[in-house]
Amino acid sequence: MSARFKPLPDKPDHPALERGILDWWDRERIFDRLRESNRGGPRFSFIDGPITANNPMGVHHAWGRTLKDVFQRYRALRGCDQRYQNGFDCQGLWVEVEVEKSLGLNSKREIEEYGIAEFADRCIERVGKFAEVITDQSRRLGMWMDWDNDYYTFSDTNIEYIWRFLKEVHERGWLYKGHRSTQWCPRCGTSLSQHEQAGEGNYVELEDPSLFVRFPLVDREGEALVVWTTTPWTLPANVAAAVKPDAEYVKLEDGSWVARARYPEERAVEKKLGDELVGWRYEGPFDELAVQQDVEHRVIPWDEVSLDEGTGIVHIAPGAGTEDFELGRIHGLKVIVPINESGQFYPGYGPLEGMPTREAEQPVIERLRADGKLVEAGRITHRYPICWRCRTPLVFRVVDDWFISADEIRQPLLDANATVEWTPDFYGKRMDDWLRNMGDWNISRKRYFGLPLPIYPCVCGRVHVIGSRAELEERATGGLDGLRELHRPWIDDVVIRCDGCGEEVQRIPEVGDAWLDAGIVPLSTLGWQNPEFVEHGYATGAARGLTGADLPDHVYWEEWFPADWISEMREQIRLWFYSISFMAVTLIGRSPYRRVLTYEKLLDENGREMHRSWGNAIDANDAFDRMGADVMRWLFCDVSPSQNLKFGYGPAAEVRRRLLTFWNSVAFFVLYANVEGFAPTYEDLESGPPTATALDSWLVARTNALVREAETAYEGYWSPGLTRAFAEFADDLSNWYIRRSRRRFWGGYDDAAFRTLWYALVQGLRAVAPVMPFLAEHLWRSLVADVSEEAPASVFLAGWPAARPDDGELLAEMDEVRRVVELGHRARAQAGLKLRQPLRRLVAQGVSGAARHADQIRDELRVKEVEFGQVEAADVRVKPNLPVLGPKLGKELGPVRSALAAGEFETLPGGGVRVGEHELRPDEVLVERSSRPGWSIAEMDGLVVAVDTVLDEELEREARVLELIHTVNRLRKELGLALIDRIVLTLPEADRDLLVHDGWIKGETLAERVDAGGGELRIEKA
Ligand SMILES: [Zn+2]
Ligand SMILES: [Zn+2]
């Protein structure tokens, strides 16, 4: 007999199977065909948050990309028309730092020596290279996107859209140049914004000096303020000392002034309130420096002085700290900025000149010691911010940066967020928190390859913001000839004329925050306010040659905006979700997305962060090769998005084991379907298969329940709902339907059994296809497409399985059957009776619908008779279930408890108990029955099952027959006999009495003849 269904190996080789499917998808153009068949269907608009095209993708990227693919695949099965546009983030600090590393450059001076134009070319090359790498990896993951039409955020079109936004912001009066203290990366030579730096990963435990320093008081001989600092390099910029006005300060015996709360044990010789110290003058630690010449060091009041650390007196340097700077503004203090943009001391700082802050620590300490001002020098380990990009510890500098004021947009953003549906829902509150607390948006970076900010401030005071390339060309007085694209250095040569005073004006040298690039995408890629559709019109500037993306027109934008759904990781609340909202609400007045799914962090399998330097990072390519994309996708989908994902080869092995349940069920089906020559009927998938038994009907109902549960999960963007539903289904299918129906699949063809099982397997794989596209496609090919001419070639061309009517009653009945069976197994186990020992009787109490399936209970538990009724026990003890009953009965609990203890109760049908006038439900009491002799009892939630444990000669003989059948079938396998080979069986003489069951034995072992004789069991091929 020739096999109709392709036989399955013992277990799937996921990576090999996946590579085969990828080739087949390509060859057969399955994705293109899917898009063609869905064209004109209901629109589902997904907008992709761009991945930085800067390095190969990591496994954490694969998580997000899987979720994007899963829900797009589901929508495709529902016939939705989709855009499938992938995005690459291409400029800004991300790319610059990596290119610097690859070129061995390590400062802005070195970049300038290398050449800004050459540097830009290297950045563009890097983006092109890694966009390709990421595309290959994404395909390998099974992600279906329109890979030839990606958007690149460094295209001139994208840049122009941002210019337009900035012009609008300027016209509203929100754009301003701020002079303030900001977090500064001395390596990157730029300030960093609040939203870039807010992530937890941008802090590390760092060891720093911990200095207690004496500031001698000018008018109080022999007395001094004692301050504490962990940044010695800021001391040359000290101009004041702050105290908490309402705190108590004391003078210790050595003349030191400190807060009482910090030195509770020390003997005080004088006490004052902080208020009374305000105005005292002191001698600064570096008074001889030129920058210190006109500084009068004073004590100032500050309510925020902490009494939890240090001395309760805080050293203030407005040029080297944010709070210091604000205090300086309030008290009119001098701002001394000690370090340049590389974090080195400016000239005028004596021996410190040119030193980086860390190198200056020791000279500062020595100097203080020499002057007798050092009280104590130690070390401290504390949380310290580092550059989000290059991980260099940050410093504070006072600089000029460009900001967008958040004041007026804050409330509209909160209103817009109120229209968004968040998954999980509490993240919407996180977004609100961010929006309520966000500061002004620092948009300028003192760097090279980034968005050129179109800001042209004239000497006359007028600030021009250019809104498009056309406007630039119109206003330019020169430099247009060399304008290859809108990037530095080319843009820097373009000069415009001031329409106020007529002077020529240059662009500011700064580039933009990368979140402007990604933030404009919902407008720029969809053609907002673009009058005409331009084919390949998005592939401009640096993006030319990298993509074929079109620039659509405004009509298109109206069709596809806002996104029905977006999904990125949780940190994007303060990054991409924030920036797209900021820009769209500013320009359009509404949120650019209706729904959003966000998720937590990916950790290693032990729950630690993954770091290359810790050796626990997993390369995405290794994961593809070793675990396979389907297994990765299952891991990504299985975790609740509000929890961190523990990812690794251990969990992957666990998933592979779990997936085997379904695989084995398919393998079982294929094996016997080929033996029996079963040919499936494709229409069964629409109309449902004919069923012959209650178990068949149950499996059909169970399958439909899976389809509905899957639908709920996909519609709610809740992938763990899907994996859970599928795993339970696979278990029910294997451990109940197949287990109970095994005998129907061989020796006498049973059409209904095959059709029912085929239906369940196929609908099951369709439900899970968006999560595990490769496995599902492979099985669809073997189970359906290869054997049925009407069937679509791909599971993804077959649409979503039709939902069929609910049969909740049957599902509930079978649930009860399975609980009775579970109790039956437990009762057997308590009596030490294994399943191969048939028993006489079982009594089940508290059963309702399960009574209709007595045959299933009888066969599964191998008992001769099943009765439904009262289980008689030797003794019944009932205790109150306190957590439930306590709140219900209140004061009455005491008397009820005593009555139960005294045995003054009546058990009711259904598992309840009557005590006096109270009727207690089964879940309100804990019942313990002790068995009568000859019985074993097990119970749970009102169901009680008792099995008769008395064995007679016949039962014992039957147990020996079952043991024999088991042994023979094991030996058949060991002898390499085929499933259909017939045998001749000779039992040992001692087992001759088993021959009374020879018909049974023949049937179960495919024996043509059974005899007895001799000392041992013999099997021969017939
Ligand atoms: Zn940096
Ligand atoms: Zn002017």
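Coordinate-derived values only; no laboratory data. Keep in mind the model is a prediction, meaning the values are calculated, not measured. Cβ coordinates were reconstructed from backbone atoms using ideal geometry, including for glycine residues, and neighbour counts include every protein chain displayed.
In table form, for the structure just shown:
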| item | result |
| --- | --- |
| Table column - 3J(HN,Hα) (Hz), segment 1007-1022, Karplus curve with 6.51, -1.76, 1.60, x for Gly and Pro | 8, 7, 9, 10, 10, 10, x, x, x, 9, 6, 10, 10, 10, 5, 6 |
| Diffusion coefficient, µm² s⁻¹, Stokes-Einstein with Kirkwood Rh over alpha-carbon pairs of segment 464-603 at 37 °C and 0.692 mPa s | 189 µm²/s |
| Built amide H within the under 5 Å cut-off of Ala563, gap 5+ | Tyr593, Arg594 |
| Cβ-based net charge around Val521, under 13 Å, with every Lys or Arg adding one and every Asp or Glu removing one | -4 |
| Placed amide H near Val258: partners under 5 Å, 5+ positions off or other chain | Val250, Leu252 |
| Equivalent ellipsoid semi-axes - Cα gyration tensor, segment 863-1022, angstrom | 55, 16, 11 |
| Hull volume in cubic angstrom per residue (convex hull over the Cα atoms of segment 249-321) | 106 Å³ |
| Phi to ³J(HN,Hα) by Karplus 6.51 cos²θ - 1.76 cosθ + 1.60 over segment 25-32, Hz, x for Gly, Pro | 4, 4, 4, 8, 6, 4, 5, 4 |
| Bins of 10 Å, starting at 0 and running to the largest distance - Cα pair percent for segment 26-83 | 21, 41, 32, 6 |
| Out-of-range pairs (alpha-carbon distance over 32 Å; input Lys101/Lys601; Lys68/Lys446; Lys108/Lys129; Lys244/Lys446) | Lys68/Lys446; Lys244/Lys446 |
| Distance-filtered residues of segment 859-890 - backbone nitrogen under 18 Å, label point 7 angstrom along Glu928 Cα→Cβ | 873-883 |
| Net length gained if the chain between Glu809 and Ser898 were fully extended (0.36 nm per residue, minus Cα distance) | 28.1 nm |
| Using alpha carbons only: equivalent-ellipsoid semi-axes of segment 562-698, gyration tensor based, whole Å | 41, 27, 12 |
| Proxy reagent accessibility, fewest Cβ within 10 Å first, across His825, His179, His195 | His179, His825, His195 |
| Summed residue charge, Cβ within 13 Å of Ala290's Cβ, Lys/Arg positive, Asp/Glu negative | -3 |
| Separation of alpha-carbon centers, segment 466-519 and segment 986-1000, rounded to whole Å | 99 Å |
| Neighbour-count ranking [beta-carbon atoms within 10 angstrom, fewest first] of Thr322, Thr693 | Thr322, Thr693 |
| Sorted peptide list for 331-339, 403-411, 86-94, 57-65, criterion being average Cβ within 10 angstrom, highest first | 86-94, 57-65, 331-339, 403-411 |
| Cα-based Rg / Dmax (Å) for segment 180-339 | 16.5, 50 |
| Fewest-first ranking of Val399, Val596, using other Cβ atoms within 10 Å as the exposure measure | Val399, Val596 |
| Inverse mean reciprocal Cα-Cα distance (Kirkwood Rh) of segment 159-233, Å | 17.5 Å |
| Whole-angstrom gap from segment 105-134 to segment 862-892, using each part's C-alpha centre | 76 Å |
| Helix axis angle, 156-171 relative to the chain longest principal axis, alpha carbon, degrees | 60 degrees |
| Kirkwood Rh, angstrom, the chain [1 / mean 1/r, Cα pairs] | 35.0 Å |
| Reachable aspartates and glutamates, given that their alpha-carbon falls under 14 Å from the alpha-carbon of Lys864 and they are not under 8 places away in the same chain | Asp855, Asp948, Asp952, Glu954, Glu956, Glu958 |
| Degrees, to the nearest 10: 649-676 long Cα axis against longest axis of the chain | 30 degrees |
| Ordering of 419-432, 711-724 by burial proxy (mean other Cβ atoms within 10 Å per residue, highest first) | 711-724, 419-432 |
| Extension gain, Lys129 back to Ala290 (0.36 nm per residue minus Cα-Cα distance, nm) | 52.8 nm |
| Partners for Lys429 among aspartates and glutamates (Cα-Cα distance below 16 Å; same-chain residues under 8 apart left out) | Asp415, Glu421, Glu571, Glu600 |
| Under 19 Å from Lys11, Cα to Cα: aspartates and glutamates that are on another chain or at least 8 residues apart | Asp625, Asp630, Glu654, Asp731, Glu777 |
| Two-decimal Rg/Rh across segment 561-608, once Rg and the Kirkwood Rh are taken from alpha-carbon atoms | 1.14 |
| Neighbourhood charge, 12 Å Cβ-Cβ cut-off, centred on Val700 and excluding it, Lys, Arg +1 and Asp, Glu -1 | -1 |
| Between helix 427-437 and the chain: long-axis angle, C-alpha atoms, 0 to 90°, nearest 10 | 10 degrees |
